[in-house]
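The values are calculated or read from the model by the stated rules, or taken from the named source; none is laboratory data. These figures come from a predicted structure and were not determined experimentally. Cβ placement follows ideal geometry from the backbone for every residue including glycine, while neighbour counts extend to all protein chains displayed.
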Amino acid sequence: MSVTTEPTTIAMTALQSRLHAQCIFCGVDHPQGLRLVFNTHADGRVEAEFPCDRLYQGYAGCLHGGVIASLLDSAMTNCLFAHERVAVTGELSVRYLKPVIISRPAMVSAWLVESRAPLFILDGEVRQNGEIMARATAKFMEVRISDSGLAVGVS
């Protein structure tokens with residue numbers, strides 16, 4: 001079934017603080033973290049700007065493909081947070097369309113395509129100058145939160 005609920009910044013921020021404070025991409029408590037700020041939209045997607053600093057270069061002048069995949073994964077996780085869901089990546093497929101150029105900002109976005117709890121399917125993309133540079137689709141599995149950490153599956 002398709003998801004029609006509107007995401008909320010409050011839900012996303014609360015789950016980020018509680019569960020992702022040390023995340024290298026969005027965590028506010030990670031000493032070397034990127035502290036990406038994801039914005040929610042009424043259509044269900046989240047997005048954040050990434051500066052594409054030379055520190056994240058792979059081939060000369062290009063953003064490393066692993067960083068692109070991680071950006072997409074982070075956007076998808078934050079999209080689930082915005083929908084008040086906690087899940088882990090089960091499968092991530094990235095299609096690299098064009099090189100993401102270093103020293104030019106890029107936008108990463110993600111949206112929920114299907115929700116069949118405990119399984120969620122999301123899509124995402126990285127854009128630069130309005131052009132899609134990479135696309136991804138992923139399956140996430142909902143997790144239960146306990147005092148001892150995360151456990152896959154819902155009780």
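Pick from 125, 84, 91: which is assigned to a strand (DSSP E or B), charged (D, E, K, R) and under 23 Å from residue 9 (Cβ atoms)?
125
Residues in region 42-78 that are under 12 Å from residue 138 (Cα atoms) and not polar (S, T, N, Q): how many?
Residues meeting the conditions: 5.
Considering 136, 75, 60, 110, which residue is closer than 24 Å to residue 9 by Cα, out of contact with any Lys or Arg (no Cβ under 6 Å at 6 or more places or on another chain), modelled with pLDDT of 95 or more and not in a strand (DSSP E or B)?
From the options 136, 75, 60, 110, the qualifying one is 75.
Which pairs have Cβ atoms under 6 Å, sit 6 or more apart or on different chains, and link a residue in region 60-73 that is buried (at least 18 other Cβ atoms within 10 Å of the Cβ) to one that is part of a helix (DSSP H, G or I)?
Here the result reads 63/56; 67/56, each pair linking region 60-73 to a residue that is part of a helix (DSSP H, G or I).
From 47, 91, which residue is exposed (fewer than 14 other Cβ atoms within 10 Å of the Cβ), among the charged types (D, E, K, R) and at pLDDT 95 or above?
On inspection, the qualifying residue turns out to be 91.
If you take the residues of region 94-105 that are basic (Lys, Arg) and assigned to a loop (DSSP other than H, G, I, E, B), which of them is nearest to residue 135 (Cα to Cα)?
Ranking the qualifying residues of region 94-105, first place goes to 98.
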